[in-house]
Amino acid sequence: MRSVKSFIAAGAATLLSQAAFAADMAIAPPPMYAPPVVEDFGGWYLRGDIGFSNQRVDRLNNALDATLTSSVQRNSFNSAGIFGLGVGYKVNNWFRADVTGEYRGNSQFVGTDRITYVGGVGIDTYHATKNEWVVLANAYVDLGTWWCITPFIGAGVGGARVAINGFTDAGIANNGGGALPGLAFGDNVAKWNFAWAAHAGLAYRVTPNFTVELAYRYLDMGDGLTGDLRTFDGSGVNTINPMTFKNITSHDLKLGVRWDLTSPQVYAPPLMRKG
């Protein structure tokens, strides 16, 4: 009987000592949590672009074309430089918009027109220079980012000031009595048109605030116009016959940069409680 009492007393002492040891232990700190993911939303940016153009025109029209029985034209522009600036806002991580203004440098134009008319044939050779100011409001969709590279597409609408300068029409006509040369001029004219654009490209994020873009753009700038054509001796001065450059378009290649004006938020890691 005494041994049973001794065993019970020893067990009770052991339980009391373990309870006292547990009471002296420090409370474990709460588990650490990862900082919240920073969504790349919102912020103003500035942009700059340079590039070059590859331009087209459907044809050249004149009021005197009504006297022709046929006309076959070949028209071309030289490439020209593009220089642009803009300001925009990134709404979220897939949508952004900006307003851009650009100057498109002088492009040399050369065209030929093989014509036939009642009683004769002829060849006209056209020369001119062209430049534009273009203002566009653009919207873009960023299609995801892989290794800091983001493909994007976009569209824009706005206006284009198309200026045609130094237009000349040198022609040779044959009415059956020999070739007769002729020369006509058109005064410089600049006009504003509705313009629209489609964009596609790749953006590379160099730093959180600096991005480089390589982009293609299709740009429709409407029609160009000259003054009424007149000959070197002033004949035709009372004839309303400007030369119209119908539907000027361009396939542009551009290199751009964007500077984000909003600094990304910085999250400090959570403090650890000491035991």
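The values are calculated or read from the model by the stated rules, or taken from the named source; none is laboratory data. Because the structure is a prediction, the values reported are computed rather than measured. Cβ sites come from the backbone with ideal geometry, for glycine too, and all protein chains shown count toward neighbours. Note: areas computed on protein heavy atoms with side chains; ligands, DNA, RNA excluded. Shrake-Rupley method; radii C 1.70, N 1.55, O 1.52, S 1.80 Å.
Probing with 1.4 Å while keeping every protein chain in the model, the per residue accessible area of the range 56-110 equals 55 Å².
The candidates 187, 58, arranged from most to least accessible area with a 1.4 Å probe in the full protein assembly, appear as 58, 187. For residue 239 and residue 133, the FRET efficiency from 1/(1 + (r/R0)^6), where r spans their Cβ atoms and R0 equals 51 Å, is about 0.95. Residue-wise HN-Hα couplings along the range 54-63, as the Karplus relation 6.51 cos²θ - 1.76 cosθ + 1.60 with θ = phi - 60° gives them from phi, are 9, 9, 9, 9, 5, 5, 9, 10, 9, 4 Hz; Gly and Pro carry x.
Under 5 Å from the amide H of residue 210 lie the amide H atoms of 260, each residue being 5 or more positions distant or on a separate chain, with H modelled from the backbone and absent for Pro and chain starts. Taking every protein chain into account, the 1.4 Å probe leaves residue 126 with about 10 Å² of accessible area, to the nearest ten. Per-atom-type breakdown for the range 40-168 gives carbon and sulfur 65% of the accessible area (1.4 Å probe, protein chains only).
Sequentially through the range 68-78, phi angles give Karplus couplings (6.51, -1.76, 1.60; θ = phi - 60°) of 8, 9, 7, 8, 10, 10, 10, 10, 8, 10, 6 Hz, Gly and Pro residues having no value and appearing as x. Solvent-accessible area of residue 87, all protein chains in place: 70 Å² (probe radius 1.4 Å, heavy atoms, ligands and nucleic acids excluded). For the set 199, 127, the ranking by accessible area, highest first and with no ligand, DNA or RNA atoms included, is 127, 199 under a 1.4 Å probe.
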